[in-house]
Amino acid sequence: MSRKPIIAGNWKLNLTVDEGVALVQALAAPAAASKAEVVVCPTALGVHAVAKAAAGTAIGVGGQNCHWEEKGAFTGEISASLLKAAGAKYVILGHSERRQFFAETDETVNKRLKAVLAQGLIPLVCIGETLAERDGGKLEEILSRQVKGALAGFTAAQLSTLVIAYEPVWAIGTGRTASTQQAQDAHAFVRSVLRGIVGGLADAVRIQYGGSVKADNAKELLSQPDVDGALVGGASLKAADFTAIIAAA
Ligand code: 13P
């Protein structure tokens, strides 16, 4: 089955609103020329202005996280409906930095996913093992637990827009990329887990690779049969770097 590659930039805690607007303007032409779906995920503060700047281009905008409740006394939080109203079409969920620094669990990812799907936003659900887990032979156990935990209670029909991002924690921001074979093997395994949950839809779910994706390794990673795109951190912050990755797709 052919799956449209999805290249997403996770800007994390970087770029002012103005810098984000300038970056999206610089990406408009490369995104229009690409066969891939191109997404940028600014800080919550930048979503509205960046989405405005991206309107009419081939670039979609996403949030980096959202709370599961829609509104109320939750100081400091934003909701899926606020992201949608600000122009977002995507939301990253369960990033390993959220799991590591902000106590995110499979259970809270599952609750957030419910809110995101209820708003008709496209979820980019992040999973991935630590180096200790991989070295301890627990890769499949961890990925399986994270996928099943995030998707618990949903029907295949509800998950028709789902995107999974496989990001080995040891490859994030370290300059150390998973080998092409390690990425393909993990992606194929994740797809087999998905098949057990959503049946035939597993062949339509896009699985992005993330972790030190750069211009010089993107093409090889993206050439793998089960690698359907990239979730890019550091190399998404400069127009030239991200453009090269978009072109590789
Ligand atoms: P880097 O590309 O900086 O390693 O970050 C990957 C990532 O965490 C994207 O979500």
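Tabulated data for the structure shown
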item: Per-region count, the range 206-217, residues surrounded by fewer than 24 Cβ atoms within 10 Å (Cβ to Cβ), in contact (Cβ under 8 Å) with a residue 12 or more places away in the chain and not in a strand (DSSP E or B); result: 4
item: One residue from Val227, Val169 being within 13 Å of the ligand (Cβ to nearest atom) and touching a residue at least 40 places away in the same chain (Cβ under 8 Å); result: Val169
item: Looking only at the range 173-189, and only at residues there that are within 16 Å of the ligand (Cβ to nearest atom) and either hydrophobic (A, V, I, L, M, F, W, C) or in contact with a Cys (Cβ under 7 Å, 6 or more places away or on another chain) (or both), the one that is farthest from Asp216 (Cα to Cα); result: Ala186
item: Selected residue (only one of Gly46, Gly76 is of a type in the set (Gly, Ala, Ser), at pLDDT 95 or above and at positive phi); result: Gly76
item: Residues of the range 25-47 that turn out to be more than 22 Å from Thr161 (Cβ to Cβ) and of a type outside the set (S, T, N, Q), as a count; result: 9
item: Tally of residues being in a loop (DSSP other than H, G, I, E, B), within 14 Å of the ligand (Cβ to nearest atom) and of a type in the set (Gly, Ala, Ser) across the range 230-249; result: 1
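The values are calculated or read from the model by the stated rules, or taken from the named source; none is laboratory data. These numbers come from a predicted model, not from an experiment. When we count neighbours, we look across all protein chains shown, and the Cβ atoms used for this are built from the backbone with ideal geometry, even at glycine.
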